[in-house]
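Written out below as structure tokens is the structure these notes cover.
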Amino acid sequence: MLAFEGEIWVRSDFIIPWGIILVEEGKIIAVGDEIKVPIGVETRKFNNGEKILPGFVEPHCHLGLFEEITGVDKLNTKDKLIDSDFVAFENINFSNIGLYESALTGGVTTAGILPGSSNLVGGIGSVVKTVGSNEVLIKKSCLKIALGENVTKAHQLERSELRTALIQYLTLKKKEFSNMTIRVHCHYKEDISLALELKQMFELDMILEHLTEGHTMLEDIKKSGVKAVTGPFFVGRPKLEMANLDRELTTKLLKYGVETSFMTDYPSNPPEMLKIALLEVIKNGVSAIKAYDMITLGSAKLLGVDDKVGSLEVGKDGDIVIHSYSPFDFKDKVLEVYEKGVRITWPNIF
């Protein structure tokens, strides 16, 4: 058993100014301001302004598929338009330092790791713990589909040809993926429109990724019932389909009632940048508490793992991150990271 004492951010709507968390056998067994620590139990006390937070939940990245230092790239199958046999967790290098960077510098302990976006159908995404046990929370979390420039350029095809191929594929595979979330990479309005058409045609549970021109069709997105993951925020406009970028897209989607989170899309942004992206969405109109919720319990719900992670509630995993300040303070640093109550340290890779 291990105890943590200090200011506890249980959820975005529940902060205990001074309390105690008890973790036993990897699970949170008690949290509150009147908890008594059993005799002999080690207590980690934080009384210099530090905050005790749940690990952040990254909804969309490619950690371990693209590797820091080595540059090994398993994101896309180069010679296939469609590769639904690719499963993310089977190809992740969990020992790569990028996953440690995301956790020990960025505070991310759970991640949705997806295939890349140069294949029309890139394969299956997985939800995993970034460090420690490297537990696979959901082996087959979603089917990744990509529309737009990445695919048309890689395979020398027109958008109309992609539409035809995708309708044929989904018609054949509808039963196989009927219970799986479809996550669609899209930027242009016409690609977003195609995604919404496919959602209705095949009755799909769908999350739109990036949706750069989503601000031009907010009513349609709202009516469709899709969810959204915006970002990455620190890449400028590297492609024509991103020319109409709106920095306030996340705020506008939320105002229309669209369930939304945001991503690093690593390696598009460095692995530790989710906590900096938090400040970016706040700067562009999202309330601080809502932004924090989006990368904790919000992303956990979006990925289907909110019964295990995303908040510091009894029964959930003891994935605890100690921050030097509030996560809303630019000076904030991650001081300590625990996965299921076990402290994680940097690997000796050199």
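The values are calculated or read from the model by the stated rules, or taken from the named source; none is laboratory data. Note that the structure is a prediction, hence the values are computed from the model and not measured. Because the Cβ atoms are built from the backbone with ideal geometry, glycine has one as well, and the counts that use them run over all protein chains shown.
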Practice prompt. Considering (1) in contact with a helix residue (DSSP H, G or I) (Cβ under 9 Å, 6 or more places away or on another chain); (2) modelled with pLDDT of 95 or more; (3) part of a loop (DSSP other than H, G, I, E, B), say which one residue 347 fails and leave the rest.
Written response: (2)
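Every residue, every condition in (1) surrounded by fewer than 24 Cβ atoms within 10 Å (Cβ to Cβ); (2) among the aliphatic types (A, V, I, L, M), yes or no:
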position: 99; (1), (2): no, yes
position: 108; (1), (2): no, yes
position: 112; (1), (2): no, no
position: 140; (1), (2): yes, no
position: 144; (1), (2): no, no
position: 161; (1), (2): yes, no
position: 172; (1), (2): yes, yes
position: 177; (1), (2): yes, no
Response to the item:
The lone condition residue 183 fails out of (1) under 17 Å from residue 126 (Cα atoms); (2) modelled with pLDDT under 95; (3) of a type outside the set (A, V, I, L, M, F, W, C) is (2)
Practice prompt. Filter the stretch 25-49 down to residues that are in a loop (DSSP other than H, G, I, E, B) and acidic (Asp, Glu) and give me whichever is farthest from the chain's Cα centre (by Cα).
Written response: 34
Fill in: In the stretch 272-292, the residues that are crowded, with 20+ Cβ neighbours inside 10 Å and closer than 21 Å to residue 333 by Cα
272, 273, 274, 275, 277, 278, 281, 291, 292
Worksheet item: Does residue 295 satisfy being touching a Ser or Thr at 6+ places or on another chain (Cβ under 7 Å), in contact (Cβ under 8 Å) with a residue 24 or more places away in the chain, of a type in the set (A, V, I, L, M, F, W, C) and surrounded by 21 or more Cβ atoms within 10 Å (Cβ to Cβ)?
Response: yes
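From 239, 252, 223, 227, which residue is closer than 27 Å to residue 149 by Cβ and either of a type in the set (S, T, N, Q) or at pLDDT below 95 (or both)?
On the way: 252 fails: either of a type in the set (S, T, N, Q) or at pLDDT below 95 (or both); 223 fails: either of a type in the set (S, T, N, Q) or at pLDDT below 95 (or both); 227 fails: either of a type in the set (S, T, N, Q) or at pLDDT below 95 (or both).
Residue meeting the stated conditions: 239.
Pull up the stretch 55-71, narrow it to residues that are part of a loop (DSSP other than H, G, I, E, B) and touching a Leu at 6+ places or on another chain (Cβ under 7 Å), then point me to the one that is surrounded by the fewest Cβ atoms within 10 Å (Cβ to Cβ).
Our first condition is that a residue be part of a loop (DSSP other than H, G, I, E, B); within the stretch 55-71, this holds for 55, 62, 64-65, 67-71.
The next check asks that each one be touching a Leu at 6+ places or on another chain (Cβ under 7 Å); those that pass are 62, 64-65.
On the way: 62: 27, 64: 28, 65: 25.
Ranking the qualifying residues of the stretch 55-71, first place goes to 65.
Given the criteria in a strand (DSSP E or B) and either over 22 Å from residue 301 (Cβ atoms) or more than 19 Å from the chain's Cα centre (by Cα) (or both), does residue 52 qualify? Before you say what the answer is, go through the steps one by one.
On the way: in a strand (DSSP E or B): yes; either over 22 Å from residue 301 (Cβ atoms) or more than 19 Å from the chain's Cα centre (by Cα) (or both): yes.
Considered against the rule, which asks whether it is in a strand (DSSP E or B) and either over 22 Å from residue 301 (Cβ atoms) or more than 19 Å from the chain's Cα centre (by Cα) (or both), residue 52 comes out as yes.
Taking the stretch 158-211 as the search range and keeping residues that are part of a helix (DSSP H, G or I) and in contact with a Cys (Cβ under 8 Å, 6 or more places away or on another chain), which one is farthest from residue 258 (Cα to Cα)? Quick ask: steps written out before the conclusion?
Pass one, the stretch 158-211, residues part of a helix (DSSP H, G or I): 159-173, 189-202.
Filter once more, keeping what is in contact with a Cys (Cβ under 8 Å, 6 or more places away or on another chain): 192, 194-195.
Working: 192: 14, 194: 18, 195: 16 Å.
Only one residue tops the list, namely 194.
Results for (1) under 17 Å from the mean Cα position of the chain (by Cα); (2) outside the structural domain of residue 296 (by TED's automatic domain parsing); (3) modelled with pLDDT under 95, shown as yes or no for each residue.
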| position | (1), (2), (3) |
| --- | --- |
| 99 | yes, no, no |
| 113 | yes, no, no |
| 119 | no, no, no |
| 176 | no, no, yes |
| 192 | no, no, no |
| 196 | no, no, no |
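Any chance the stretch 234-244 includes a residue that's of a type outside the set (Lys, Arg), under 19 Å from the mean Cα position of the chain (by Cα), surrounded by 15 or more Cβ atoms within 10 Å (Cβ to Cβ) and outside any loop (DSSP other than H, G, I, E, B)?
Filtering the stretch 234-244 for residues of a type outside the set (Lys, Arg) gives 234-236, 238, 240-244.
Cutting the leftovers down to under 19 Å from the mean Cα position of the chain (by Cα) gives us 234-235.
From the residues that got through so far, the ones that are surrounded by 15 or more Cβ atoms within 10 Å (Cβ to Cβ) too are none.
No, that holds for no residue.
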Discussion item. When you check residue 12 against the structure, is it crowded, with 17+ Cβ neighbours inside 10 Å, farther than 30 Å from residue 166 by Cβ and within 22 Å of the chain's Cα centre (by Cα), yes or no?
Written reply: yes
Worksheet item: Scanning for something under 14 Å from residue 122 (Cα atoms), within 21 Å of the chain's Cα centre (by Cα), part of a loop (DSSP other than H, G, I, E, B) and among the polar types (S, T, N, Q), does the stretch 74-82 turn up at least one residue?
Response: yes
Worksheet item: In the stretch 200-218, what residues are surrounded by fewer than 23 Cβ atoms within 10 Å (Cβ to Cβ), touching a strand residue (DSSP E or B) at 6+ places or on another chain (Cβ under 9 Å) and under 17 Å from residue 232 (Cβ atoms)?
Response: 213
Worksheet item: If you scan the stretch 248-272, which residues turn out to be part of a loop (DSSP other than H, G, I, E, B) and either touching a Cys at 6+ places or on another chain (Cβ under 7 Å) or closer than 24 Å to residue 308 by Cβ (or both)?
Response: 259, 263, 264, 265, 266, 271, 272
